[in-house]
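As structure tokens, the structure follows; a few thoughts come after it.
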Amino acid sequence: MNRRVVLAAKPQGRLDAAHFRLEEAPMPEPAPGELLVRVRMLSIDAANRAWMQAATYRDELQAGTVMAGTGVAEVVASRVEGFAPGDWISGSVGWQDHAVLPATNARLLPRREPVGHLLSVYGTSGLTACLGLEKIGQPQPGETVVVSAAAGSVGTLVGQIAKLMGARVVGIAGGRAKCDWLVDELGFDAAIDHRAGPLAPRLREAAPEGIDVYFDNVGGEVFGACLFAMNDFGRIVCCGAVSQYDGPTPPHGPRGVPGLIVLKRLRVQGFFLPDHEHDRDGALARLEAWVASGRLRVPEDIVEGLENAPAALVGLLAGENRGKRLVRVAS
């Protein structure tokens, strides 16, 4: 039998662990061209919640289906050339012990420890941080970079990479303890607690010369506050909108759009990792070198057990995590 977590009901308001159920089903069998894999570790991302609301770069999730999610898995049985039992892959395996997926949707991985790095710094989070910053943000030495959700999987890496590129870095996160951690442990120059009152005056204090690059992971009011603090010809990397994923849709967008964008001649561009597949190998080489040298730290927040995946996602949306949140399904 195969344990799996099913989306029992689509949330109408905030997500709760009660929206999921853990069940058992017969072990899946691979057809020609498919792989049977044993899931080792799952990536828990704010995008998991967005998939319940509407079609994005993947189909909308429906009640009664296995909860979707990316993970690292080991091949148990292969019915296609190029993959063999014991190989490690990444792909959309879902929240379950075992999965069947087309080999065309699986990426071969090197067997390396810690496994979590394959989903964090060497996975979507690290590649997004590196390429989003380099391709769109393009920070220059001495410029000021601000990143929201700075204690999350992407934000922790964006801030550190911006420092490696010679920028001054300000993080925006939820809670004083997280902000202190960003400065004391990860080397940010300053950090602002978005829960502690209006952002505008504290942005002026933390970034007195304005913002040259804003790496946006949240949208909403934080985006609006940073927009007003942007310097002429600044660059805004739109990576996510976590403030709008869980709960009611905001009644209006940020002020100053498009007026401030025009007046300040800003470049505002969305980042979608699949657009940069040709840059993957180079970015991985840079990330690996930074990690090996100790210049890039990789915070990972690992929750044990498939049965705890729902609570892990709910907690991530509430801001529990520091760094990449993962669920270990099997050792």
- Before we move on, is A285 modelled with pLDDT under 95, of a type in the set (A, V, I, L, M, F, W, C) and open to solvent by 30 Å² or more (accessible area, probe 1.4 Å)? no
- Here the residues within region 184-193 that are among the aliphatic types (A, V, I, L, M) and not in a loop (DSSP other than H, G, I, E, B) are A190, A191, I192
- Note on the structure: For S153, the lone unmet condition from (1) at pLDDT 95 or above; (2) in contact with a Leu (Cβ under 8 Å, 6 or more places away or on another chain) is (2)
- Search region 173-182 for residues being outside any loop (DSSP other than H, G, I, E, B) and open to solvent by less than 50 Å² (accessible area, probe 1.4 Å), and hand back the single one that is nearest to I236 (Cα to Cα). A173
- Considering residues that are surrounded by 12 or more Cβ atoms within 10 Å (Cβ to Cβ), within 30 Å of C238 (Cα to Cα) and of a type in the set (V, I, T), the number found within region 17-64 is 1
- Item | Hits in region 194-234 (condition: open to solvent by 20 Å² or more (accessible area, probe 1.4 Å) and part of a strand (DSSP E or B)) | D212, N231, D232, F233
- Note on the structure: Matching residues in region 268-317 (assigned to a helix (DSSP H, G or I) and not polar (S, T, N, Q)) number 31
- Message: What are the pairs with Cβ atoms under 8 angstrom where one residue, in region 141-166, is without any contact (Cβ under 8 Å) to a residue 40 or more places away in the chain and the other, located anywhere, is open to solvent by less than 10 Å² (accessible area, probe 1.4 Å) and part of a helix (DSSP H, G or I)? Sequence gap at least six, or different chains.
- Response: G159/L182; M165/L133
- Note on the structure: Within region 74-121, residues being in a strand (DSSP E or B), in contact with a Leu (Cβ under 9 Å, 6 or more places away or on another chain) and either of a type in the set (D, E) or farther than 16 Å from E29 by Cβ (or both) number 6
- Note on the structure: With the first residue restricted to region 93-113 and required to be open to solvent by 70 Å² or more (accessible area, probe 1.4 Å), and the second required to be assigned to a loop (DSSP other than H, G, I, E, B) and not hydroxyl-bearing (S, T, Y), Cβ contacts under 7 Å at 6 or more apart or on different chains are L108/D87
- Message: Regarding region 242-258, can at least one residue be identified that is assigned to a loop (DSSP other than H, G, I, E, B), modelled with pLDDT of 95 or more and open to solvent by less than 50 Å² (accessible area, probe 1.4 Å)?
- Response: no
- Restricting region 317-331 to residues that are open to solvent by 30 Å² or more (accessible area, probe 1.4 Å) and either more than 19 Å from A162 (Cβ to Cβ) or touching a Ser or Thr at 6+ places or on another chain (Cβ under 6 Å) (or both), the one modelled with the highest pLDDT turns out to be R328
- Task: Taking only region 140-172 into account, find how many residues are in a loop (DSSP other than H, G, I, E, B) and surrounded by fewer than 24 Cβ atoms within 10 Å (Cβ to Cβ).
- Result: 7
- Write out, first by first residue and then by second, each pair whose Cβ atoms fall under 9 Å of each other, whose residues are 6+ apart or on separate chains, and whose first residue, in region 278-290, is more than 12 Å from E134 (Cα to Cα) while the second is in a helix (DSSP H, G or I) and open to solvent by 40 Å² or more (accessible area, probe 1.4 Å). W290/L164
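The values are calculated or read from the model by the stated rules, or taken from the named source; none is laboratory data. This one's a predicted model, so the numbers in the text were calculated from it and none came from an experiment. All Cβ positions, even for glycine, are placed from backbone atoms using ideal geometry, and neighbour counts span all protein chains on display. Accessible surface areas use protein heavy atoms only, side chains included; no ligands, DNA or RNA. Shrake-Rupley method; radii C 1.70, N 1.55, O 1.52, S 1.80 Å.
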